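> Sharing a structure with you now.
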Amino acid sequence: MRTKYQILKNIYGYTTFRGSQESVIDHTLEGGNSLVVMPTGAGKSLCYQIPAQILEGVGLVISPLIALMEDQVQALRGVGVKAAFLNSTLSPEEEVAVQRDASERRLDLLFVAPERLATGSFQSFLETCKLSLIAVDEAHCVSQWGHDFRPDYLSLKSVFERYPTTPKLALTATADEATQWDICERLGIRQARIFQDGYDRPNIHYSIVPRENGRKQLMDFLQGHREQSGIIYCSTRKKVDELADWLCRQGWEALSYHAGVPFEERRERQTQFNLSNRIMVATLAFGMGVDKPDVRFVVHMEMPASVEAYYQETGRAGRDGLRAEAFMLWGLGELGLHSKRIRESELPDWVRRLKWQKLNSLVGLCETLRCRRQVLLEYFESGPFPVCLNCDTCEEKAEQWDASEAARKALSAVFRTGQRFGVTYLSKLLRGVSTPRMESLGHHNLPTFGVGRELSKREWASVFRQLVAHGFLRLDVSGFGGLRFTQESSPLLKGEVTLHLRRERPGPKKRQSSSAPVEELQKDEFEVWEILRNERLSLAREHSVPAYMICHDSTLLSLLRVWPEDKEELATVHGFGEAKIEKFGDRFLAVLRRIDHPDWAVQKSAS
Ligand code: ADP
Ligand code: ZN
């Protein structure tokens, strides 16, 4: 029997376990149940893949997205693991063949979609198998408190109950304490051991700015990311289509993805995205299947509904551990829509309260003057955490100004116009810009008319946004952006409190652009990097797989630094296991032999 270390080295080509991987594997091998909370890219899949290769029988993996499943299976087979999937894309004959392989113990891992579980035929098929373990990926989908509830997941509990002695794993990237408890409860594994690795994704740089001219801000950001792949999230299908069109007209290779695109076409686009460095403009529908390790940036054109959703979505960047960026634009518009959705939902009061809290925490993150990473991490677990020096607020301390006087003017404008108007109207009023509508309502005669000429339109927008974010105003229920008073408003209006607000910056600092994900590559290193990348691309084309299935950027980097001369040395390169050495080793070695040994490589191999 192979040990976990042998599998780690020979199959995956890694030398050490990360975080709590090893403890989870041991706990599973001993028959225990686990809830595994690890950030995206930490390596959750090894936690069940390795025990499934050691224990007798087939490991059943419940995975919510077909594309993800197929990718995983393809990658596993590529390194010599006996894996298969069952989902709606298989023909009846193929399905029978997979089921037979499973019952006759020719499989170590079987991936299935959650909607299968409840069916009688699937259950009788399971009876014919010996299960080594059951793993539930994206386990937060079972909880209504999480951000992505899926009713299909509720049938998991009864499956779990039928296999009381089989070790079980529930895995997720983001679940606060309440959600963790809820997951265990709903899966019926209350005694599960919780493994929680820190949430930090140190390689992701965070920046959040108020949206002014969204497209221009996006363009400035993208200039630093030519030739890289990234995801841009928009809130609606229409916005997705429009933005993708616009980007293509600007000369970017952008694809679009949302639930309105026919299924086959969606898969096709996902494949194209995986195969090359393109931009995917998408709604939330593009999410859990995103397993591409070299997504270099995630942009939010609007604010999502909670910190968890934000963290999950930004977490799709930089799974390979190399430098990546999360950039979000936000405004009162979507805050109004999220609020409206919560108010109008038919959820019980306490769930709505929870959703409010979640939304407010996200606004807090947008408005913070502190390190973004500290605020993010504190949301999930108790600190203290050091400042990160890798986020916008760390890089450039936000300036504050005494906005008490401006805030009083703003509140007075809201009050005198009857608490029904939005930011655009109010800021015109304050700056003394009259419109026919204003005149017909007589608002141009109000004492507040024109008292705020010292601030620009943009500055007033910032004042109102921060007043809402800090609870001095709230958005009207109608969802049209009208502003109303809260309990906090009147002390501020009466001058009983002073208020300091942040001075806004228009966008993120420009960052260096290059196809290399690491800044520290020297010029001659960069040339070799490009040669290795091209070789990987040729191999990918020859095998019709995405480049990352050949190897990750981190593996190329390790190749470059180790500069192996033969297969034995190649085995010390990060990410080269037996199967990869066998299949691609000669090609990479040949490429390196053709290149003159640069000085830095000579020095490295001498030391
Ligand atoms: P998650 O499911 O937690 O997002 P994955 O299981 O997809 O993460 O792993 C992310 C990446 O990290 C994968 O490319 C995987 O091969 C790699 N990885 C996992 N475990 C290790 C390890 N112990 N050492 C090096 N790389 C690892
Ligand atoms: Zn920071």
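> State, as an integer percentage, the relative contact order of the chain based on alpha-carbon contacts under 8 Å between residues 6 or more apart. Let's see the in-between values first.
Values: 1018 pairs, mean separation 88.0, N = 607.
Answer for the chain is 14 percent.
> Quick query: amide H of residue 255 versus all other amide H atoms, modeled in the peptide plane; which residues come in under 5 Å with a sequence gap of 5 or more or a different chain?
279, 280, 281
> Applying the Karplus parametrisation 6.51 cos²θ - 1.76 cosθ + 1.60 with θ = phi - 60° to the phi angles of the stretch 436-444, what ³J(HN,Hα) value in whole Hz is obtained for each residue in order, glycine and proline being reported as x?
Taking θ as phi minus 60°, the curve returns x, 5, 4, 5, 5, 8, x, 6, 6 Hz for the stretch 436-444.
> With the contact rule set at Cα under 8 Å and sequence spacing of 6 or more, what percent relative contact order holds for the stretch 520-606? Write down the numbers at each step before the final one.
Values: 65 pairs, mean separation 25.5, N = 87.
Relative contact order here is 29 percent.
> Next question. If the limit is 28 Å between Cα atoms, which of 340/457; 168/340; 238/409 go over it?
Details: 340/457 26 Å; 168/340 39 Å; 238/409 37 Å.
Correct reply: 168/340; 238/409.
> Tell me, what HN-Hα J-couplings in whole Hz come from the Karplus equation 6.51 cos²θ - 1.76 cosθ + 1.60 at θ = phi - 60° for each residue of the stretch 524-535, using x for Gly and Pro?
For the stretch 524-535, the Karplus curve yields 5, 5, 4, 4, 5, 3, 5, 5, 5, 5, 5, 4 Hz.
> Can you tell me the Rg and the Dmax, both Å, for the Cα atoms in the stretch 249-388?
16.9, 48
> A further question on this structure: Thinking of the stretch 4-196 as a set of Cα atoms, what percent of all their pairs are more than 25 Å apart?
Working: 5376 of 18528 pairs.
Cα-Cα pairs in the stretch 4-196 separated by more than 25 Å: 29 percent.
> If you don't mind, another one. Counting only DSSP beta bridges with both residues in the chain, tell me the antiparallel percent, nearest 5.
Details: 6 of 55 bridges.
Among the beta bridges of the chain, antiparallel pairing accounts for roughly 10 percent.
> Here's something else I'd like to know. Return the Cα extents of the chain along principal axes one, two and three, sorted largest first, each rounded to a whole Å.
Between the extreme Cα coordinates on each principal axis of the chain lie 85, 62, 46 Å.
> Hand me the trypsin sites (Lys or Arg not before Pro) from the stretch 388-460 located in a DSSP loop with no more than 11 other Cβ atoms within 10 Å, in residue order please.
397, 453
> While we're on this one: Relative contact order of the stretch 155-293, please, whole-number percent, based on alpha carbon pairs below 8 angstrom and at least 6 residues apart.
Values: 105 pairs, mean separation 30.7, N = 139.
About 22 percent, as a whole number.
> Sticking with this structure for a sec: Given the -39500 (n - 2.57) contribution per DSSP H run of 4+ residues, what per-residue ellipticity at 222 nm results for the chain, rounded to the nearest 500 deg cm²/dmol?
Details: 27 runs with 273 residues, N = 607.
It lands at -13000 deg cm²/dmol.
> Ok, one more. Cα centroids of the stretch 269-286 and the stretch 189-249: how far apart, whole angstrom?
First find each Cα centre; the distance between them is then 12 Å.
> Next question. Take each of the peptides 380-391, 339-350, 107-118, 214-225, average the number of other beta-carbon atoms within 10 Å over its residues, and list them starting from the highest. Don't skip to the end; give the middle numbers.
Values: 380-391: 13.8, 339-350: 12.1, 107-118: 20.0, 214-225: 17.2.
Going by the mean number of other Cβ atoms within 10 Å, highest first, we get 107-118, 214-225, 380-391, 339-350.
> What does the highest-first list of 119-129, 270-280 look like by mean Cβ count within 10 Å?
Details: 119-129: 13.2, 270-280: 19.6.
Order by mean packing, descending: 270-280, 119-129.
> Which aspartates and glutamates have a Cα less than 15 Å from the Cα of residue 523, not counting those fewer than 8 places away in the same chain?
596, 599
Where a number appears in this text, it was derived from the coordinates with a stated rule and is not lab data. No experiment lies behind these values; they were computed from the predicted model shown. Glycine also receives a Cβ, built like all others from the backbone with ideal geometry; neighbour counts cover every protein chain displayed.
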